[in-house]
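Enquirer: Structure incoming, see below.
The values are calculated or read from the model by the stated rules, or taken from the named source; none is laboratory data. Owing to the predicted nature of the structure, the values given are computational and were not obtained by experimental measurement. Counting neighbours? That spans all protein chains shown, and the Cβs are built from the backbone with ideal geometry, glycine included. Heavy atoms of the whole protein, side chains included, go into the accessibility calculation; ligands, DNA and RNA do not. Shrake-Rupley method; radii C 1.70, N 1.55, O 1.52, S 1.80 Å.
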Amino acid sequence: MDLDKFNLPRYLATLPLFSNMREEELQRLATGCQLRRIERARVIFRAGDPCNEFHVVVLGQVKLFALSPTGTEKVIELCGPGHSFAEAVMFMNAPYVVSAQTLTDSLVLTMDKDTVLREIYTNPDFSLRVLAGLSRRLHGLIKDVEAYALHSGVQRVIGYLLGDRSESEVASEAITVSLPVSKAAIASRLSLTPEYFSRVLNELETAGLIQVDKRDIHITDTARLANYQPR
């Protein structure tokens, strides 16, 4: 991809935060954007660094993670294409509370805080979209806490494979889910050990609910998987 020919305003228009904005508004926002190619395993920022911008994954995968005092890593969020992160911290005038690192070669868009604030001051509709985006992120975090507190490890893995759809939303069909990152990263995201995550996949495969082919998980019947009750 030739970054010099990348149409930033057109790309911004595809993101929920900037949808339905006029061309001149997108052009203004694009002036505050930087597009970077970042190699796999590179740190984008570390917890404690000053935060004066937010980021969007254009291509690739990025993990947000925290480290315990003993150095144990906990994946907080896995961010794929179109996924933004660090908006809330940017508005808090606080340093980053987690670290971000690429899991694959990635293309990351960064937008500076001053550009966003200028648009908020002049565009009430944009302000509402920013609030809606932050609200969705908060709702997602609440769902995470609920899953960790109320759902078993097996239920968490099934929820991840089914995209966290409820049982009533799952039709009976065969699908294939390609894990975007390593099983260890997904296990950490679900607050599971890699060994336990693998055991759950083996259990579901033995039950005839899935077939594991490296990173491809073939689900034979989504409704059966959603209703699975471990013994």
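Enquirer: Could you list, in sequence order, the residues of the stretch 12-33 that are in a helix (DSSP H, G or I) and of a type in the set (Gly, Ala, Ser)? Break it down into steps so the answer makes sense when it comes.
Expert: The initial filter retains those residues of the stretch 12-33 that are in a helix (DSSP H, G or I), namely 12, 16-18, 23-30.
Ala30, the sole residue that qualifies.
Enquirer: For Leu138, are the conditions met, namely being within 26 Å of Ile210 (Cα to Cα), under 16 Å from the mean Cα position of the chain (by Cα) and open to solvent by 30 Å² or more (accessible area, probe 1.4 Å)?
Expert: On the way: within 26 Å of Ile210 (Cα to Cα): no; under 16 Å from the mean Cα position of the chain (by Cα): yes; open to solvent by 30 Å² or more (accessible area, probe 1.4 Å): yes.
So Leu138 fails the test.
Enquirer: I need the full set of residues from the stretch 173-185 which are in contact (Cβ under 8 Å) with a residue 40 or more places away in the chain and either part of a loop (DSSP other than H, G, I, E, B) or in contact with a helix residue (DSSP H, G or I) (Cβ under 7 Å, 6 or more places away or on another chain) (or both), in order please.
Expert: Correct list: Glu173, Ala174, Ile175, Val177, Pro180, Val181, Ser182.
Enquirer: Oh, and also: Within 23 Å of the chain's Cα centre (by Cα) and over 21 Å from Ser99 (Cα atoms): is that true of Leu26 in this structure?
Expert: Criteria not met by Leu26.
Enquirer: Does Thr70 qualify as being closer than 25 Å to Ala147 by Cβ, at pLDDT below 95 and not in a strand (DSSP E or B)?
Expert: So Thr70 fits the description; yes.
Enquirer: Same structure, new question: Filter the stretch 201-231 for residues that are touching a residue at least 24 places away in the same chain (Cβ under 8 Å) and either touching a Gly at 6+ places or on another chain (Cβ under 7 Å) or part of a strand (DSSP E or B) (or both); which is surrounded by the most Cβ atoms within 10 Å (Cβ to Cβ)?
Expert: Per the stated criteria, the residue is Ile210.
Enquirer: Kindly establish whether Leu161 is within 24 Å of Leu15 (Cβ to Cβ) and under 17 Å from the mean Cα position of the chain (by Cα).
Expert: When the stated conditions are applied, Leu161 does not pass them.
For (1) part of a helix (DSSP H, G or I); (2) at pLDDT below 90, each residue gets a yes or a no:
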position: Leu78; (1), (2): no, no
position: Ala88; (1), (2): yes, yes
position: Asn93; (1), (2): no, yes
position: Val97; (1), (2): no, no
position: Thr110; (1), (2): no, no
position: Tyr121; (1), (2): yes, no
position: Leu128; (1), (2): yes, yes
position: Arg137; (1), (2): yes, yes
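Enquirer: If I ask for residues that are surrounded by 14 or more Cβ atoms within 10 Å (Cβ to Cβ) and among the polar types (S, T, N, Q), which ones from the stretch 141-155 would you list?
Expert: Across the stretch 141-155, the qualifying residue is only Gln155.
Enquirer: Then there is this: I need a count of the residues in the stretch 21-46 that are out of contact with any His (no Cβ under 9 Å at 6 or more places or on another chain), in contact (Cβ under 8 Å) with a residue 24 or more places away in the chain and not charged (D, E, K, R).
Expert: We begin by selecting, within the stretch 21-46, every residue out of contact with any His (no Cβ under 9 Å at 6 or more places or on another chain); these are 21-43, 46.
Then drop every residue that is not in contact (Cβ under 8 Å) with a residue 24 or more places away in the chain, which leaves 21, 25, 28-29, 31-43, 46.
Applying the additional criterion that residues be not charged (D, E, K, R) yields 21, 29, 31-35, 38, 41, 43.
Here the count works out to 10.
Yes or no, residue by residue, for (1) among the aromatic types (Phe, Trp, Tyr); (2) more than 17 Å from Glu119 (Cα to Cα); (3) open to solvent by less than 70 Å² (accessible area, probe 1.4 Å):
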| site | (1), (2), (3) |
| --- | --- |
| Pro9 | no, no, yes |
| Phe18 | yes, no, yes |
| Arg22 | no, no, no |
| Glu25 | no, no, yes |
| Arg28 | no, no, no |
| Arg37 | no, yes, no |
| Arg40 | no, yes, no |
| Val56 | no, yes, yes |
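Enquirer: Next up: Among the residues of the stretch 115-132, which ones are among the small types (Gly, Ala, Ser) and surrounded by fewer than 13 Cβ atoms within 10 Å (Cβ to Cβ)? Before the answer, list the steps.
Expert: Filtering the stretch 115-132 for residues among the small types (Gly, Ala, Ser) gives 127, 132.
Answer for the stretch 115-132, where residues must be among the small types (Gly, Ala, Ser) and surrounded by fewer than 13 Cβ atoms within 10 Å (Cβ to Cβ): just Ala132.
Enquirer: Count, please, the residues in the stretch 94-114 that happen to be closer than 26 Å to Leu179 by Cα and crowded, with 18+ Cβ neighbours inside 10 Å.
Expert: Of the residues in that region, 10 qualify.
Enquirer: In this structure, is Leu201 at pLDDT 90 or above and in contact with a helix residue (DSSP H, G or I) (Cβ under 9 Å, 6 or more places away or on another chain)? Before the answer, list the steps.
Expert: Working: at pLDDT 90 or above: yes; in contact with a helix residue (DSSP H, G or I) (Cβ under 9 Å, 6 or more places away or on another chain): yes.
Answer is yes for this residue.
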